[in-house]
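As C-alpha cells, the structure follows; a few thoughts come after it.
The values are calculated or read from the model by the stated rules, or taken from the named source; none is laboratory data. What you see is a predicted model; the values in this text were computed from it and never measured. Neighbour counts are summed over all protein chains in view; Cβ atoms, including those assigned to glycine, are modelled from backbone coordinates with ideal geometry. Ligands, DNA and RNA are excluded from the accessible area calculation, which covers all protein heavy atoms including side chains. Shrake-Rupley method; radii C 1.70, N 1.55, O 1.52, S 1.80 Å.
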Amino acid sequence: MDRMRIHGGRSLKGSVKTSGAKNSALKLLFASLLAEGRHTFHNVPELKDVESSAELLGSLNCKVQRKGKTIIVDVKAPDSFEAHYDLVRKMRASILCLGPLLAKYGQAQVSLPGGCAIGSRPINLHLEGMKAMGAEIDLRSGYVHASVPTPSKRLKGTNILFEFATVGGTENIMMAATLAEGVTVIENAAKEPEIVDLANYLKKMGAKIDGAGTSIIRIEGVDKLTPAEHTVIPDRIEAGTLLIAAAIAGGDVTVQDCVPEHPEALILKLREAGFRIETAPTSMRIRSTGGSKCVDVTTAPHPGFPTDLQAQFMALMCVSEGVSVITETVFENRFMHVTELHRLGADITPKSRVAVVRKTRRA
Ligand code: UD1
C-alpha cells in the first residue's frame, strides 16, 4: 500500500481481533527446513514478509500452499543451499534459514542482508555462535558461506554467551542446536514470546529444549526431527498498537484474541499515563477520555518496553500533557519517525538515542 488517507478527529469504538505474530510466523516457516515432509501452520498473518519467506522456501525446493490463515509447507531436500540476495534483501529475517540449513544439511550460502533504516543490524552474534558449534564461516561476495567440515556434517553442541540478548541470534542458534551432536547452552538468550513459540514448535517436532523464555536455554541435539502442526501466537506488537491508537484517538476499544501478559510493559506505561485498561485472559479493553500525561519510556529486550512500540508510543506522548523522555536502547537509529511527526507539528527534540517530547500545541 503506497498511500493511506486518514480522516481524523473521531474516537474509536468497538472490538478488533489480533492477527498471528509476524515475528513468530517467519521463524516457524524457516524451522520447517529442519524436517522433510508436511508442516502445517495456522493463524499465519497475511503479510508481505510471509510471502517473501514463502518465496525463499520455494527457492529451496519447498512447496508452500496458503489456505486462508493456514500455510502448509512441504519440505524436500534442496538442490542448492543458497538464499539469494534478491530474496534476502526483501526481508532481513531470511538470515534465519542459515541455522536450519546448516544443522540439517551441513552447508548453506546465505546473502548478507545489507543495511537497514534503523541501524547497521549486524549478524556477527549469529555467526560467532555457529562457529563455536564447529561451522566454518567465510564471508565472500556479499554471502555467508557456511559449512560443517566433518564427515558427519553435524554441528557440535557448546556453550554460547551472547554479548546482547539478540532475538534472531537466539532463534538461529536454537534451531541449529536441535540437530547438533550434544548439548548447547545459550546464555543471555533473548526472552521474547516469539522465542517460546518457536521452541514449542521445535519441541512438537521432537526437539529437546528447556528454558525458552528465560535467559538460559538448553538444547540437547537429536538425530532427526519430524514435521508437525502449530498455531502461531497472537501478535503482541499489533495488539499494543491498537491500544495506543485508542489511547490517542480516545474511545472504548477491546482488543481480542491476544495474550495480555505479552505487552505488559506497555500496559504499565499506559496506566501510568492515566489510561484505564482492563485485561481478561485473551482480551484487553482500553477506555480513553483524553487528559493523559507524559511518562518516560526506555526500550529494552523483553520483558522491557518493546522497541517495536516506541514510535507509536512517541505519537501518543505528542498529545499528552507534560514532557516525556524516550530512550531507545535496542537499535542505534530508530527515530526515523520523528521527522514525520515534526511535519504534523510535533514538538520533539531527538539527540542520539534520546528524544524529548513535549505536548504539541495547535497553531
Ligand atoms: C527482532 C524483530 C524486530 C525487533 C527486534 C528487537 C524479527 C523478524 N524482528 O529483530 O522486530 O525490533 O527483534 O526486539 O523478529 N545485534 C548485533 N549482532 C547480532 C545480532 C544483533 O549486534 O548478531 C544487535 C542489533 O544490531 C540490535 C540488537 O542487537 O542493535 C537487537 O537485535 P536483535 O534482537 O537481533 O533483533 P532482530 O532479531 O534483528
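Quick check: anything in region 329-339 open to solvent by 50 Å² or more (accessible area, probe 1.4 Å) and not in a loop (DSSP other than H, G, I, E, B)?
yes
How about region 340-356: which of its residues are surrounded by 16 or more Cβ atoms within 10 Å (Cβ to Cβ) and over 14 Å from V319 (Cα atoms)?
Once the filter is applied, which keeps residues that are surrounded by 16 or more Cβ atoms within 10 Å (Cβ to Cβ) and over 14 Å from V319 (Cα atoms), region 340-356 yields P350, R353, A355.
This table checks each residue for (1) of a type in the set (A, V, I, L, M); (2) surrounded by 20 or more Cβ atoms within 10 Å (Cβ to Cβ); (3) touching a strand residue (DSSP E or B) at 6+ places or on another chain (Cβ under 6 Å).
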{"position": "A189", "(1), (2), (3)": "yes, yes, yes"}
{"position": "D210", "(1), (2), (3)": "no, no, yes"}
{"position": "S215", "(1), (2), (3)": "no, no, no"}
{"position": "L243", "(1), (2), (3)": "yes, yes, yes"}
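Restricting to region 303-328, and then to whatever is open to solvent by 30 Å² or more (accessible area, probe 1.4 Å) and assigned to a loop (DSSP other than H, G, I, E, B), can you tell me which residue is nearest to F162 (Cα to Cα)?
Among those that are open to solvent by 30 Å² or more (accessible area, probe 1.4 Å) and assigned to a loop (DSSP other than H, G, I, E, B), it is P303.
Being open to solvent by 10 Å² or more (accessible area, probe 1.4 Å) and under 26 Å from G106 (Cα atoms) is the filter here, so list the residues in region 35-51 that pass it.
Those that are open to solvent by 10 Å² or more (accessible area, probe 1.4 Å) and under 26 Å from G106 (Cα atoms): E36, G37, R38, T40.
What number of residues within region 9-34 satisfy the criterion of being small (G, A, S), surrounded by fewer than 21 Cβ atoms within 10 Å (Cβ to Cβ) and either touching a residue at least 12 places away in the same chain (Cβ under 8 Å) or touching a Phe, Trp or Tyr at 6+ places or on another chain (Cβ under 8 Å) (or both)?
Summing the residues that are small (G, A, S), surrounded by fewer than 21 Cβ atoms within 10 Å (Cβ to Cβ) and either touching a residue at least 12 places away in the same chain (Cβ under 8 Å) or touching a Phe, Trp or Tyr at 6+ places or on another chain (Cβ under 8 Å) (or both) in region 9-34 gives 4.
State which residue pairs qualify: first residue on the phi > 0 side of the Ramachandran plot and inside region 238-266, second residue outside any strand (DSSP E or B) and open to solvent by 30 Å² or more (accessible area, probe 1.4 Å) in any location, beta carbons under 8 Å apart, and separation of 6 or more residues or different chains.
G250/S11; G250/T289; G250/G290; G251/S11; D257/T282
So which residues in region 217-226 are touching a residue at least 60 places away in the same chain (Cβ under 8 Å), surrounded by fewer than 20 Cβ atoms within 10 Å (Cβ to Cβ) and not in a strand (DSSP E or B), if there are any at all?
Selection gives K224, T226.
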